[in-house]
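Taking it in order: structure first as structure tokens, then the write-up.
Read-outs throughout are calculated quantities, based only on the coordinates presented, and are distinct from any laboratory measurement. From a predicted model like this one, the values you see are computed outputs, not experimental measurements. Cβ atoms come from the backbone with ideal geometry, glycine included; neighbour counts cover every protein chain shown.
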Amino acid sequence: MQWKDRRVLFFSGLFLVLALPGLIFLFRSPVLIVTDAPFMEIYGASRIKQRQAGASFALFRRVKPAPAAENAGPDLIVFAVEAAASRPYGVIFPYRYADGARRYAARHPRVRVVILDSRPDMDGDAAGPPERGRAAGEPAFVRTRRQDDFYRAGLCAALAARSRQVPATEKPGPGGDAAAGREILVFQEQTLSPADKSALSAGLRARGAGIQPRFLNSPAEYEGVADASCVILTGGAAEYLNLNLKIPVILFSWLDPALTSRETFVIFDDSPWALAGEALRQAKRGEGDGVPSKPVFPPGRIADRRLARELRRAAGSLHP
């Protein structure tokens, strides 16, 4: 065989080796995430693409949206998912479309169907393994680990209470730690369980903050807000945002960080797009105790680099 022929064979083989993973990726069954227009508006199209790329890389499968009409009934949800892919590997539904997930799972028992449930556990029952009691044709429920989320929020709030430099727009007071001893306000809109509140308080204590959080449910309770050292928003709390106060904010939301105030220094994101990879892996293994939210730090909000590192470490902690 001539040298030229050998070179052609070598480069042909090299191309095949390099192209093979990409071909496998393209031909593997995709994962679908049921997504409606209101979610896309608040989450942001570019952010969905970023999450899509990350989840696709983690799962080594294409992750695609299954567009659904807002408040669509179960039959329309099933139709939307079937139109997105005929034979997906798995489909992730937010809890509000649980009826559609059950209908789809019954019609496609070979497809792994996951319902991501981030509701508060008011009864105090810990979520069991995602496949416990699951039969063919039934969806798997994967809960978000809310106690971990609120424990981390407590850690971050304690750090914010010790520094007036959390928002890049603010500067330390004349006494340095001017926020020490002031309240941590939690706008809960009746969405926090006793276990969530306990985890938040544990996070504050773990950082040595001698501050008890004050839980508010309505605008009528907003008296004294301006003296708070940190505010945690777990619901819409539009009335608070309208006050335009320069207080560090921890936000539990799917809202695009670009749309938040400069005072919002960390966002806990429990959306299906943020948690898709781990939720699907837990459902596949049939074990696990839920998925913690993904912390998001909007760029340019924290002036102190050391504080920024401490906040990132705190946001990566789990409730002991």
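Checking the table 246/294; 64/197; 64/284; 197/294 against a 30 Å threshold on Cα-Cα, which pairs fail? The partial results should precede the final answer.
Working: 246/294 25 Å; 64/197 36 Å; 64/284 19 Å; 197/294 19 Å.
Distance filter (> 30 Å) returns 64/197.
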### Distance (nanometres) between label positions extended 7 Å along Cα→Cβ at residue 303 and residue 245
2.1
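Do you know the relative contact order of region 16-117, to the nearest whole percent, from alpha carbon pairs under 8 angstrom that are 6+ apart? Please report the intermediate quantities before stating the final value.
Numbers: 139 pairs, mean separation 30.3, N = 102.
Relative contact order for region 16-117 comes out at 30 percent.
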### Query
Along region 248-262, what does the Karplus equation 6.51 cos²θ - 1.76 cosθ + 1.60 (θ = phi - 60°) give for ³J(HN,Hα), rounded to whole Hz, x for Gly and Pro?
x, 10, 10, 10, 9, 6, 9, 5, 4, x, 5, 9, 8, 6, 5
### Task
For residue 140, enumerate residues with amide H under 5 Å from its amide H, sequence gap 5+ or separate chain, H modeled in the peptide plane.
113, 114, 115
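Please give the contour-minus-distance gain from residue 58 to residue 96: 0.36 nm per residue of separation, less the Cα-Cα distance, rounded to one decimal in nm. Write out the running numbers ahead of the final one.
Values: separation 38, 0.36 × 38 = 13.68 nm, distance 2.56 nm.
Answer, rounded to one decimal: 11.1 nm.
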### Task
Enumerate the calculated ³J(HN,Hα) couplings along region 296-303 in order (Karplus 6.51 cos²θ - 1.76 cosθ + 1.60, θ = phi - 60°), each rounded to whole Hz, writing x wherever the residue is Gly or Pro.
10, 10, x, x, x, 9, 10, 7
### Query
If you look at just the Cα atoms of region 16-117, how large are its Rg and its Dmax in Å?
14.2, 47
#### Entry: Sites residue 214 and residue 110 - FRET efficiency at Förster radius 45 Å, r taken between beta-carbons, to 0.05
0.35
